[in-house]
Structure formats: C-alpha cells, structure tokens
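Colleague: The structure is given below, and queries will be raised subsequently.
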Amino acid sequence: MNTTGITLTAPPIPRQDEILTAEALDFLRELHDFAEPRRQELLQRRREARSRIAQGEDPRFLPHTAHIRNDDGWKVAPPAPGLEDRRVEITGPVDRKMTVNALNSGANVWLADLEDSLTPTWPNVINGQLNLHDALRRRIDFTTEEGKEYRLGETLPTVVVRPRGWHLPEQHILIEGEPLSGGIADFGLHFFHNARTLIDQGRGPYFYLPKLENHLEARLWNDVFVRAQQLLGIPRGTIRATVLIETITAAFEMDEILYELREHSSGLNAGRWDYIFSIIKNFRLRGPRFVLPDRTMVTMTAPFMRAYTEQLVRTCHRRGAHAIGGMSAFIPSRRDEAVNAVALEKVHTDKVREAGDGFDGSWVAHPDLVPVARAVFDVVLGELPHQLDRQRTDVVPDDRALIDLTGTQGLITEAGIRTNLEVGVRYLEAWLRGNGAVTLKNLMEDAATAEISRSQIWQWVHAQAVTDTGEIVTLEWVSQLLEEEFERLPRFDDDRFDDARRLFEKVALGDDFPEFLTLPAYTRHLCARQAPAPALQR
C-alpha cells in the first residue's frame with residue numbers, strides 16, 4: 001500500500017497527526033480505490049430514479065427481488081455484544097462536551113453523529129475522530145474555563161458511529177485530485193483507530209448507515225466492511241450496522257437492504273424527519289396529492305407514516321433484526337415547566353406508540369428524555385432485551401400505502417410558512433459557524449429538519465399551494481415573509497445571517513432544487529480556501 005497522490009487541502013489543526021497517520025491514510029486510499037467507481041455509479045442511479053418518479057413513475061416493491069422477500073429461510077446475524085438491549089438510544093454530535101454528556105446519560109446506546117448534527121468543517125471532522133478515540137480510552141475528561149468539570153462515569157453505553165452518507169464528499173482529502181467520500185473518511189478513520197480497542201472492551205465497531213436509497217447501496221457498504229476487516233485482519237462479521245430507513249425509495253427495499261447486510265446487520269431505524277424530506281423531494285412536482293401540510297402537523301399517526309413504521313417492524317422482526325424508533329427532538333427548558341409538561345407528555349405518548357407497535361428501542365436528543373423513554377420501554381419489555389418475538393403478522397406489506405398521502409390531516413398556514421423560514425435561516429447561520437445541532441424553540445434542529453423546512457417552501461411555491469385562509473403561496477409573498485422574519489433575527493458580531501439568507505433563497509426559492517442543501521453550502525462556505533498542501537509521498 002502507498003499514499004502517493006493523497007493531498008490534504010486544509011490547514012493542519014492540533015493533534016491531527018494522531019488521526020491522519022501514514023497507515024490510516026494508506027487504509028483510506030485502499031477503501032477509496034475499492035469503493036469509488038461503484039459509489040459514483042450509485043449516485044448516478046439515484047438521479048435516474050428521482051427523474052423517473054418526477055415524471056410520474058411510482059416506486060413499487062421490486063419484482064426481481066421477490067424471491068428474497070418471500071424466502072422465510074434467511075435471518076440477519078444475531079445481536080452483537082452491547083447491542084442486545086437497545087431500548088434507549090441518545091443521539092448527538094461528537095464535540096467534547098456532548099460526548100461526555102451522552103456517555104453519562106444512562107442510555108443503552110450513544111449514536112455518535114458525524115452526519116446530520118455535525119457541520120463538516122475540517123476541525124469538526126478531525127476533532128470528532130479525536131473525541132471518539134479519547135472517549136473509548138477514557139481520556140476525554142476536561143474542565144471548562146469557567147471551572148465546570150466533565151468526567152466519564154463508570155458504566156458507558158455502547159457507541160454506534162454514524163458516518164456521512166454516500167452523497168457527501170470530504171473535499172479536504174483528495175486522492176489523485178478527487179475528493180474522498182465523506183462516509184469512507186468517517187467510517188475508515190474510526191474503524192482503523194478504534195476497532196481493536198472496541199473488540200478488546202467486549203463490544204465492537206458498530207455503525208449507523210444514513211441516506212441509503214436502495215439495496216445496492218447497502219451492498220456497497222457490506223463490501224466495504226468485508227474489505228476493511230480483511231485489511232486489518234479482523235474476523236468477517238465483526239462490524240455491525242443499523243440502516244436508517246429515511247428515504248422513500250429505501251422503504252420499498254427493507255428486506256433487500258437487510259439481506260445485503262445480513263452478516264453485518266443489526267437492524268433498521270425509522271428516520272422520520274429525513275423520510276418526510278425524501279417524500280417531498282421526490283414527489284415535489286407531482287401535484288396536489290403529494291403536498292403536505294405544515295411540518296408540525298405531519299405526525300407519526302398519519303396513515304402513510306403508520307404504513308412505513310409498521311412495515312419496518314414487521315420486516316425487522318421477521319429477519320431477527322432490531323427495529324429502532326424515531327427521534328424525540330424536544331429539548332427541555334430550564335425556565336418554563338409548563339412547556340416541559342406539555343412536551344414531555346407528547347414524548348411519552350410517542351414512545352408508548354412505538355413500544356406498542358413492537359419497536360425494540362427509540363431515540364432521544366437530550367439526556368433528560370432518557371428516563372422518559374426508558375420508563376415506557378421498561379413497561380413493555382420488562383427483563384427482556386427486545387421484542388423480536390413480536391412478528392407483527394397482522395401487518396400486510398403494502399407498497400401503495402407507503403405513498404398514499406391523502407389521509408394526512410392538517411393545513412398550510414402562514415405561521416407554518418414563517419416557521420420554515422425562520423428555522424431554515426437560523427439553522428443555516430449556525431451551520432455556517434460550525435454548529436450542526438441547534439436548539440430552536442425547545443426543539444433540536446439538524447440538517448434533516450432544515451431540509452423539511454426549505455423543501456416545503458419550495459414545493460408550496462411551485463405548486464401554488466393554498467393556505468387555510470385562502471392565500472396562494474407565491475414567490476412574491478414568501479419573499480415578503482422572509483424579509484419580515486429576517487428583520488426579527490437576533491443579530492450579533494460575526495454572525496452569518498447574510499450568508500445564510502442568500503443560501504436559503506438559493507435552495508428554497510430558486511428555480512432549481514438542490515438535492516441536499518448542505519452540498520452547495522459545503523462547497524461554497526466550508527471548504528478550506530488555502531493553497532493545498534503538497535501531495536503526500538511515502
């Protein structure tokens with residue numbers, strides 16, 4: 001192996017040499033050469049699939065994989081050490097403070113997020129890897145300038161890392177002049193440095209895989225896992241991955257995705273926010289029956305969301321895989337107990353529904369929600385680690401129900417438009433400053449919820465949707481509302497609101513619809529502009 005042709009384009013940051021060792025870069029180069037041609041083919045396949053949907057072709061269960069769906073004889077691998085009981089999982093970015101808080105939260109699993117809640121600046125990417133490295137070796141304790149101490153407790157949750165999706169590049173690592181896949185960078189560096197440590201601790205290298213759109217993308221991840229284990233001499237099947245079903249096309253291929261990853265699979269997750277965004281994105285030009293109401297009115301009780309979650313549980317348990325429920329994004333207030341009481345009751349109701357449907361666990365975004373979710377699942381599970389014996393044979397697979405939005409209750413309101421505008425601009429402003437997880441009005445907003453906000457605005461304008469008061473949602477009116485909301489924003493020194501507004505206008509009010517808002521934002525604003533360092537020659 002050699003690292004000839006690898007170029008690092010960002011200015012170095014402290015301790016990055018601990019992560020970007022010659023051996024680690026060799027490893028990344030091997031994975032890049034192995035995966036990149038197929039990754040590009042799969043990204044082109046995504047574009048073609050979206051084009052067919054836009055032109056009126058509805059996705060359906062795949063005829064040529066019916067034999068996989070109909071075969072009762074295959075199962076995924078049994079639960080791996082540390083993943084037997086997943087009743088409460090906490091998610092969050094991998095900055096130092098959040099890492100300690102998540103590991104001390106009392107959750108069964110910490111989803112260490114290198115994706116939607118992390119802005120991929122070079123310092124964030126490298127410091128995220130350093131924080132994972134230090135946390136797994138119990139070297140992450142620290143004291144703030146104000147004197148507040150952050151120390152790890154005795155018992156820690158199982159760590160599951162979420163790398164970036166196949167579509168995102170890491171433009172600060174170039175191989176023969178082309179950017180490395182962000183997912184390969186995140187997966188590869190964590191696996192290279194920490195896999196053996198995790199195994200020695202009685203656990204293993206575990207991952208959440210985001211944004212998959214079909215089973216062929218799962219197959220590529222599986223092949224990358226096999227190759228990575230071969231390169232480091234780690235037994236095949238040691239890696240385990242949970243796939244987020246957060247795109248509408250993946251919902252039609254849940255069996256096939258589990259099948260492709262079966263020796264490395266640990267289940268599926270109902271990624272509700274990105275799933276809603278994916279539906280809007282794919283069907284945004286398909287007319288009124290695909291226009292959703294205000295995002296706050298699109299709940300998990302909507303018929304198309306019920307079809308999605310119930311079919312997910314049935315599919316998982318039939319194959320011996322865990323089904324993990326969606327995110328509760330509420331962030332408790334330190335000052336308003338009335339707000340907390342209402343919100344916590346909603347969280348409780350949400351978790352009761354998930355546990356009753358057969359989910360084996362669920363996500364929360366804040367440590368204070370861990371006991372709320374745990375209490376619900378403790379009632380249903382008792383001493384059992386999961387509900388895999390609940391086969392949900394009462395659920396009939398129905399591909400048409402997955403895209404039948406007609407039963408969704410709710411309206412489009414001016415308040416909903418204003419909320420989308422405010423959330424979109426305020427989130428992007430924070431994102432441009434390096435913060436990918438933002439608390440707004442007691443909700444944790446990340447890239448997924450910002451995507452819903454901007455895509456709803458785009459769809460409503462282009463569909464000339466009508467509000468509850470009979471107002472047509474026009475570009476001119478929304479632009480006026482954006483100006484009003486912009487004037488209300490809390491400006492401060494060195495804020496990025498002007499950049500955020502221009503970016504939001506591009507992705508929400510332009511003629512074109514960028515596939516992901518983070519792609520133009522990343523290329524234009526986050527990639528280091530300094531002259532590239534010389535290519536590494538070893």
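The values are calculated or read from the model by the stated rules, or taken from the named source; none is laboratory data. Predicted model, so just to flag it, every value in this text is computed and none were measured. With ideal geometry, Cβ positions are generated from the backbone for all residues, glycine too; neighbour counts draw on all protein chains shown.
Colleague: Of all residues in segment 315-336 being assigned to a loop (DSSP other than H, G, I, E, B) and of a type in the set (D, E, K, R), which is surrounded by the most Cβ atoms within 10 Å (Cβ to Cβ)?
Modeller: Filtering segment 315-336 down to residues assigned to a loop (DSSP other than H, G, I, E, B) leaves 319-322, 329, 331-336.
With the extra rule that they be of a type in the set (D, E, K, R), the set shrinks to 319, 334-336.
Working: Arg319: 20, Arg334: 8, Arg335: 6, Asp336: 12.
Filtering first and then ranking leaves Arg319.
Colleague: So, in segment 195-218, how many residues would count as being small (Gly, Ala, Ser), within 20 Å of Ala251 (Cβ to Cβ) and in a loop (DSSP other than H, G, I, E, B)?
Modeller: Of segment 195-218, the ones small (Gly, Ala, Ser) are 195, 202, 204, 218.
Still in the list and also within 20 Å of Ala251 (Cβ to Cβ): 218.
Restricting the remaining residues to those that are in a loop (DSSP other than H, G, I, E, B) gives none.
Looking only at that region, the number is 0.
Colleague: For Val507, state whether it is β-branched (Val, Ile, Thr), assigned to a helix (DSSP H, G or I), over 30 Å from Glu48 (Cβ atoms) and not assigned by TED's automatic domain parsing to the domain that holds Arg289. So that I can check it myself, show each step before the final result.
Modeller: Details: β-branched (Val, Ile, Thr): yes; assigned to a helix (DSSP H, G or I): yes; over 30 Å from Glu48 (Cβ atoms): no; not assigned by TED's automatic domain parsing to the domain that holds Arg289: yes.
It is false that Val507 is β-branched (Val, Ile, Thr), assigned to a helix (DSSP H, G or I), over 30 Å from Glu48 (Cβ atoms) and not assigned by TED's automatic domain parsing to the domain that holds Arg289.
Colleague: Check whether at least one residue in segment 443-458 is more than 28 Å from the chain's Cα centre (by Cα) and under 30 Å from Val352 (Cβ atoms), and report yes or no.
Modeller: We begin by selecting, within segment 443-458, every residue more than 28 Å from the chain's Cα centre (by Cα); these are none.
No; the residues of segment 443-458 include none that is more than 28 Å from the chain's Cα centre (by Cα) and under 30 Å from Val352 (Cβ atoms).
Colleague: Report yes if some residue within segment 64-86 is surrounded by 20 or more Cβ atoms within 10 Å (Cβ to Cβ), under 22 Å from the mean Cα position of the chain (by Cα) and either of a type in the set (Phe, Trp, Tyr) or not assigned by TED's automatic domain parsing to the domain that holds Ala250 (or both); otherwise report no.
Modeller: Within segment 64-86, none of the residues are surrounded by 20 or more Cβ atoms within 10 Å (Cβ to Cβ), under 22 Å from the mean Cα position of the chain (by Cα) and either of a type in the set (Phe, Trp, Tyr) or not assigned by TED's automatic domain parsing to the domain that holds Ala250 (or both).
Colleague: Next up: Among the residues of segment 155-184 satisfying the criterion of being in contact with a Gly (Cβ under 7 Å, 6 or more places away or on another chain) and aliphatic (A, V, I, L, M), which is farthest from Asn104 (Cα to Cα)?
Modeller: Among residues in segment 155-184 that are in contact with a Gly (Cβ under 7 Å, 6 or more places away or on another chain) and aliphatic (A, V, I, L, M), the one farthest from Asn104 (Cα to Cα) is Ile175.
Colleague: For Val438, are the conditions met, namely being free of Cβ contacts under 8 Å to residues at least 40 places away in the same chain and surrounded by 15 or more Cβ atoms within 10 Å (Cβ to Cβ)? Quick ask: steps written out before the conclusion?
Modeller: Values: free of Cβ contacts under 8 Å to residues at least 40 places away in the same chain: yes; surrounded by 15 or more Cβ atoms within 10 Å (Cβ to Cβ): yes.
Here the answer is yes, as Val438 does meet what is asked.
Colleague: Keeping to segment 123-166, report how many residues are touching a strand residue (DSSP E or B) at 6+ places or on another chain (Cβ under 9 Å) and either not assigned by TED's automatic domain parsing to the domain that holds Asp274 or not in a helix (DSSP H, G or I) (or both).
Modeller: The total comes to 19.
Colleague: Then there's this: Any residue in segment 283-290 that is touching a residue at least 24 places away in the same chain (Cβ under 8 Å), buried (at least 24 other Cβ atoms within 10 Å of the Cβ) and either touching a His at 6+ places or on another chain (Cβ under 7 Å) or part of a helix (DSSP H, G or I) (or both)?
Modeller: Kept after step one, since they are touching a residue at least 24 places away in the same chain (Cβ under 8 Å), are these residues of segment 283-290: 283-290.
When the remaining residues are screened for being buried (at least 24 other Cβ atoms within 10 Å of the Cβ), the result is none.
Scanning segment 283-290, I find no residue that is touching a residue at least 24 places away in the same chain (Cβ under 8 Å), buried (at least 24 other Cβ atoms within 10 Å of the Cβ) and either touching a His at 6+ places or on another chain (Cβ under 7 Å) or part of a helix (DSSP H, G or I) (or both), so the answer is no.
Colleague: Applying the selection to segment 358-381, what residues are surrounded by 22 or more Cβ atoms within 10 Å (Cβ to Cβ) and under 15 Å from His322 (Cα atoms)?
Modeller: Selection gives Gly358, Phe359, Asp360, Gly361, Ser362, Trp363, Phe377.
Colleague: Looking only at segment 455-477, which residues are closer than 14 Å to Asp294 by Cβ and surrounded by 15 or more Cβ atoms within 10 Å (Cβ to Cβ)? Even if it seems obvious, please write down each step before you answer.
Modeller: Taking segment 455-477 first, the residues closer than 14 Å to Asp294 by Cβ are 455-457, 459-460, 465-469, 471, 473.
Matches in segment 455-477: Ser455, Gln456, Ile457, Gln459, Trp460, Ala465, Val466, Thr467, Val473.
Colleague: Taking the options Asp394, Asp399, name whichever one is surrounded by fewer than 15 Cβ atoms within 10 Å (Cβ to Cβ), among the charged types (D, E, K, R) and more than 20 Å from the chain's Cα centre (by Cα).
Modeller: On inspection, the qualifying residue turns out to be Asp394.
Colleague: Another question, then. Going by the structure shown, is Arg426 outside the structural domain of Thr349 (by TED's automatic domain parsing), assigned to a helix (DSSP H, G or I) and over 21 Å from Met305 (Cβ atoms)? Give the steps one after another, and end with the answer.
Modeller: Values: outside the structural domain of Thr349 (by TED's automatic domain parsing): yes; assigned to a helix (DSSP H, G or I): yes; over 21 Å from Met305 (Cβ atoms): yes.
When the stated conditions are applied, Arg426 passes them.
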